1. Out of all DSSP beta bridges with both ends in the stretch 2-191, state the antiparallel percent to the nearest 5.
2. Using only the Cα atoms of the stretch 2-191, build the gyration tensor, take square roots of its eigenvalues as a ≥ b ≥ c, and label the shape rounded, prolate or oblate: rounded if a/c is under 1.5, else prolate if a/b is larger than b/c, else oblate.
3. Between residue 168 and residue 74, 0.36 nm times their residue separation minus their Cα-Cα distance comes to what?
4. Order the peptides 39-48, 6-15, 169-178 from the highest to the lowest mean number of other Cβ atoms within 10 Å of their residues.
5. Round to the nearest 0.05 the FRET efficiency obtained for residue 89 and residue 59 when R0 = 30 Å and r is the Cβ-Cβ distance.
6. For the chain, what does -39500 (n - 2.57) per DSSP helix run (n ≥ 4), summed and divided by total residues, give at 222 nm, in deg cm²/dmol to the nearest 500?
7. Given a cut-off of under 8 Å on Cα pairs at least six residues apart, what relative contact order in percent is computed for the stretch 1-136?
């Protein structure tokens, strides 16, 4: 089983409000992401919160997700990923995790399904989508890499692990521009989302 991990722990300082709760097509970012992951075949979803976790946790309590809290969220994305890793480590049914960011709301269930299928069929340890030569999200990491992700340098994040394993990384080319669309400022939100 591949478990999805949605990272939503940051302060959203550039956006000015919680990105997880931004409106998009009658939903919030987090609702849209969780829905797409479920439609794409993901059975188990973990959401990592940090800044204002208690309030945000109440707002997303209706979603079919497990909520984890990263008290050290100021250390960056990798610290949140490690909270999820420690939570999943003991679950032997977890063959890997699909990591997604809450400020990437345009996630396509068809791409999720394709990534799961390709991971299942291959021996690659990392599966990443690519749009016109640029890598994006979500990214699948095999369980084989969990230990490395747990000991990766905080300042480099998961990229250090990805860069160390180019030979076992499968890139999937897609016309889906949403994989690289990082909506983390009010300007980008107004430009790309007709949410309000």
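Each value in this text was obtained by applying a stated rule to the coordinates, not by laboratory testing. Owing to the predicted nature of the structure, the values given are computational and were not obtained by experimental measurement. Methodologically, a virtual Cβ is constructed for each residue, glycine included, from the backbone with ideal geometry; neighbour enumeration extends over all protein chains shown.
1. On the way: 10 of 31 bridges.
Expressed as a percentage, antiparallel bridges in the stretch 2-191 total about 30.
2. On the way: a/c = 1.43, a/b = 1.21, b/c = 1.18.
It comes out rounded by the Cα gyration axes.
3. Values: separation 94, 0.36 × 94 = 33.84 nm, distance 3.08 nm.
Gain on stretching residue 168 to residue 74: 30.8 nm.
4. Values: 39-48: 18.9, 6-15: 20.9, 169-178: 15.2.
Ranked by mean Cβ neighbours within 10 Å, highest first: 6-15, 39-48, 169-178.
5. Numbers: r = 28 Å, r/R0 = 0.94.
Between residue 89 and residue 59 the formula returns 0.60.
6. Details: 7 runs with 62 residues, N = 196.
The helix contribution divided over the chain gives -9000 deg cm²/dmol.
7. Numbers: 193 pairs, mean separation 46.7, N = 136.
After rounding, I find 34 percent.
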